Amino acid sequence: MVKVGEALVHLDVDEEEAPPTIRTETIVEEEEINVPRDKETPVGTTKHKLSKAVLTTPAVRRIARENHVDLSLVNGTGAGGRVLKEDVLATLSADEAANPAVNSISHPEVPMAAAGHLRTTESLEPTHIKISGVQRLMVKSMKASLAIPHFTYCENVEMDAVADLRTRFNAQSAHRLSFLPFVIKALSLALYEFPLLNSSLSPDEDSLLMHCEHNVGVAMDTPRGLVVPCLRRVQDKTLLQIAEELSALQSLGASGKLTEAHFSGTTITVSNIGNIGGTVLSPRITPPQVAIVGLGRIQNQVQLPGVEGSAGSAKAVKVMSASWAGDHRVLDGATMARFVSLWKSHLEDPLLMLAQLK
Ligand code: COA
């Protein structure tokens, strides 16, 4: 005699494509109890009945298990009463119709970064996630960006000198410098010579607003998605001040405490994806700005003699690929090339940059 709650037979194997197997589902006493459905309450158990042997495949059993469907209560429409995948899905639909209050619970907001981790099963419908928060802002700003006729300009920058300086500084100081403060300061110095890159086009495309402040937006990857807070008045700041502000903004971004004020007034943007990966980007400008740079991963490359002015033997150099995008209504390729060349020279020989710091 088999006790309540015990299985009678258990014959199936765990192969996806295995042949149908017979297995009895848990025996329960026959009684009628109306229970609200939750994760622990299998679909179909609003009426408890004695179970029967179930003929089906392991794949169908898995679908049933994942969706909390009691197979012994599913009408098998296959040969000899075999339960097919469609039968399980039909039971699920019927249950949804019968329990609308339970099943209409809206999906929680899933951050974009987490959306990719949603587990999917062949038998499940796609999940709907409401676009909101940071992602909603991204939809808005990227749609606005479509109105800008972009052109892209890529350049390699040798970062050995900055890397050396940074290593020496970090070894001696309680403060820490990443590559970004150098990139941002060099950008600010180059903007003095090429103020057009720090301008905005009026909405009627009739005039340019030439900004005096170098307010640099920095793209940040946060648990809530991409945010671009602004580092204000970079022209007046030291490398250390830039580093400290960056770190403060990163902390605020990580804890979701950036406010509207942190995002306003940006005149040009830097997006460093290199700490994550990648080399060449196609960054998008956020209006009313007219330029943005995307920085790729700094990589060791072999430089052959005679290339880019190097003499002697082949040597290893640290190269960062920088992808600039400009608004072609305001900037032309030659202006961008000259500007980038100046910015690059500050990074490749930081002495030039340090000499100009206040
Ligand atoms: N190439 C190689 N390594 C890099 C790098 C690059 N371009 N940029 C940074 N790194 C390294 C840093 O040196 C650091 O290593 P270390 O601890 O050994 O010194 C490590 O990566 C972490 O860098 P971090 O201090 O976070 O970098 P940062 O100050 O340069 O950048 C942010 C800060 C906020 C920009 C960065 O964390 C971030 O969020 N990047 C993603 C931006 C993004 O999503 N852009 C895409 C927009 S579409």
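The values are calculated or read from the model by the stated rules, or taken from the named source; none is laboratory data. On a predicted model such as this, the values are computed, not experimentally measured, just so you know. Please note: Cβ atoms are built from the backbone with ideal geometry, for glycine as well, and neighbour counts cover all protein chains shown. For the accessible areas, the whole protein counts, side chains as well, though only heavy atoms, and no ligand, DNA or RNA atoms are used. Shrake-Rupley method; radii C 1.70, N 1.55, O 1.52, S 1.80 Å.
Summary of computed values
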{"item": "Per-region count, region 243-271, residues within 10 Å of the ligand (Cβ to nearest atom) and either of a type in the set (Lys, Arg) or open to solvent by less than 50 Å² (accessible area, probe 1.4 Å) (or both)", "result": "7"}
{"item": "Within region 143-182, considering residues that are open to solvent by 50 Å² or more (accessible area, probe 1.4 Å) and β-branched (Val, Ile, Thr), the one farthest from the ligand (Cβ to nearest atom)", "result": "Thr152"}
{"item": "Identity of the residue in region 274-296, closer than 16 Å to Pro149 by Cα and not hydrophobic (A, V, I, L, M, F, W, C), that ends up surrounded by the most Cβ atoms within 10 Å (Cβ to Cβ)", "result": "Gln289"}
{"item": "Residue in region 302-315 that is within 16 Å of the ligand (Cβ to nearest atom), open to solvent by less than 60 Å² (accessible area, probe 1.4 Å), touching a strand residue (DSSP E or B) at 6+ places or on another chain (Cβ under 7 Å) and not β-branched (Val, Ile, Thr) present", "result": "no"}
{"item": "Long-range neighbours under 7 Å by Cβ, at least six apart or interchain, first residue more than 11 Å from Thr56 (Cα to Cα) and open to solvent by 50 Å² or more (accessible area, probe 1.4 Å) within region 69-85, second in a loop (DSSP other than H, G, I, E, B) and basic (Lys, Arg)", "result": "Leu73/Lys49"}
{"item": "Lone unmet requirement of (1) within 11 Å of the ligand (Cβ to nearest atom); (2) within 20 Å of Leu180 (Cβ to Cβ) for Glu348", "result": "(1)"}
{"item": "Candidates Leu187, Leu231, Leu226, filtered to the one that is modelled with pLDDT under 95 and either within 16 Å of the ligand (Cβ to nearest atom) or among the β-branched types (Val, Ile, Thr) (or both)", "result": "Leu226"}
{"item": "Residues (over 21 Å from the mean Cα position of the chain (by Cα), closer than 16 Å to Thr266 by Cα and touching a residue at least 60 places away in the same chain (Cβ under 8 Å)) located in region 203-229", "result": "Leu208, Leu209"}
{"item": "Close pairs from region 170-183: first without any contact (Cβ under 8 Å) to a residue 60 or more places away in the chain, partner within 8 Å of the ligand (Cβ to nearest atom) and open to solvent by 30 Å² or more (accessible area, probe 1.4 Å), Cβ under 6 Å, at least 6 apart", "result": "Asn170/Arg176"}
{"item": "Selected residue [among the polar types (S, T, N, Q) and either touching a Cys at 6+ places or on another chain (Cβ under 9 Å) or under 16 Å from Val157 (Cα atoms) (or both)] from Gln289, Gln301", "result": "Gln301"}
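Per-residue answers, yes or no, for (1) under 27 Å from the mean Cα position of the chain (by Cα); (2) free of Cβ contacts under 8 Å to residues at least 12 places away in the same chain:
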| residue | (1), (2) |
| --- | --- |
| Arg136 | yes, yes |
| Asp160 | no, no |
| Thr167 | no, yes |
| Leu189 | no, no |
| Tyr192 | no, no |
| Leu201 | no, no |
